[in-house]
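**Q** My structure is below; once you've seen it, I'll send some questions.
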Amino acid sequence: MNKILSATNGPVGTLTFNNPERHNAMSLDMWRAATAVLEQFEKDAAVRVIVLTGAGGKAFVSGADISKFESERDTLGAVAEYNTAVDRFGQALGECSKPTIAMIRGYCVGGGLGIAVCCDLRIANDAARFAVPAAKLGLGYGYANVRRIIDLVGPQFVTEMLLTARQFDAAQAARTGLVNHVVPDAEIESYVREVAETIAGNAPLTIRAVKRIVRELRSEEPDVAACDALVKQCFESADYREGRQAFLEKRKPNFTGT
């Protein structure tokens, strides 16, 4: 069974974590395959928005596949190899030029939460549960992961989450700002699709500039010149002319990313 699935529907690409019998827990091969799918979507000009989700409806990703620890993380060298694959996926997701949406059903735990916070938006169903259980497993939870969550919700909630290792429900996650929206499970697919299509209909160069600026704002040494260059590119683009013309003609713009 292919444990990482990819599909495109119009301008929306979907990456599905497909290991439902283990609540979509991640193995080394899954991290590598997920990176390959992201890189494929990044190169595909027809894909303007990427949705990440879990199969089975009970979990987004429940973390690492503990059943694989003895074969994949039993030595320091194996741990380093595994962590490299995880870091590569996180980097590909964080640096992706296209907007990313985590559609979260059920458990979003450990590495699953790490994936979700790398996405631009997080939309959860009302049964979603969030946790970082590292303290219950004796695992270290690295600097980059902690930094990403703190950037979203601040140190107080992150400290409680990591020290207690307990689960938080969707309502608590929404109150802290960990997720953008919580919607009923019956509505989440249509809701995410609407959000994705709305974003896909906007100007790609503007989207790319916004994403880069937000990323640089989180950097300790932001590249302001690169951000300014992307903004300048927007003003010089055919899409800017199209946007102005469409506004005057009271019609929907047709943006091409040029």
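**Q** Which ranges mark the helices (runs of 4 or more DSSP H) fully within the range 143-258 that have 3 or more residues being within 27 Å of A116 (Cα to Cα) and in contact (Cβ under 8 Å) with a residue 60 or more places away in the chain?
**A** Answer list for the range 143-258: 185-200, 204-217.
**Q** Same structure again: What's the total number of residues in the range 201-233 that are β-branched (V, I, T) and surrounded by fewer than 12 Cβ atoms within 10 Å (Cβ to Cβ)?
**A** Matching residues across the range 201-233 total 1.
**Q** Right, something else. (1) surrounded by 14 or more Cβ atoms within 10 Å (Cβ to Cβ); (2) free of Cβ contacts under 8 Å to residues at least 24 places away in the same chain: which one isn't true of G138, the others all being true?
**A** If we test G138 against (1) surrounded by 14 or more Cβ atoms within 10 Å (Cβ to Cβ); (2) free of Cβ contacts under 8 Å to residues at least 24 places away in the same chain, just (1) comes out false.
**Q** Look through E197, E236 and report the one residue that is within 26 Å of G257 (Cα to Cα), of a type in the set (D, E) and within 17 Å of the chain's Cα centre (by Cα).
**A** When all the criteria are applied, what remains is E197.
**Q** Out of all the residues in the range 88-138, which are small (G, A, S) and within 11 Å of the chain's Cα centre (by Cα)?
**A** Hits for the range 88-138 are G90, A92, G94, A102, G112, G114, A116.
**Q** Given the criterion surrounded by fewer than 18 Cβ atoms within 10 Å (Cβ to Cβ), hydroxyl-bearing (S, T, Y) and in the same structural domain as A46 (by TED's automatic domain parsing), identify the matching residue among S97, S62.
**A** S97
**Q** Please go through (1) in the same structural domain as G63 (by TED's automatic domain parsing); (2) over 26 Å from F89 (Cα atoms) for R166 and return the number of the only condition it doesn't satisfy.
**A** Condition (2) is where R166 drops out.
**Q** Would you mind finding the one in G13, G90, G57 that is of a type outside the set (F, W, Y) and in a loop (DSSP other than H, G, I, E, B)?
**A** Checking each option against the conditions leaves just G57.
**Q** Could you grab the pairs with beta carbons closer than 6 Å, sequence gap of 6+ or different chains, first residue in the range 15-31 and under 11 Å from K58 (Cβ atoms), second one modelled with pLDDT of 95 or more and assigned to a strand (DSSP E or B)?
**A** H23/A59; H23/Y107; N24/F17; N24/G54; N24/A59; N24/V61
**Q** Between T35, T75, T84, which is of a type in the set (S, T, N, Q) and modelled with pLDDT of 95 or more?
**A** Result of the check over T35, T75, T84: T35.
**Q** Considering only the range 196-227, state which residues are more than 22 Å from I149 (Cβ to Cβ) and among the aliphatic types (A, V, I, L, M). If you could, list the steps in order and put the result at the bottom.
**A** Step one: list which residues in the range 196-227 are more than 22 Å from I149 (Cβ to Cβ), which gives 196-209, 223-227.
Result: A196, I199, A200, A203, L205, I207, A209, V224, A225, A226.
The values are calculated or read from the model by the stated rules, or taken from the named source; none is laboratory data. On a predicted model such as this, the values are computed, not experimentally measured, just so you know. Positions of Cβ are generated from backbone atoms using ideal geometry, with glycine treated the same way; all protein chains shown enter the neighbour counts.
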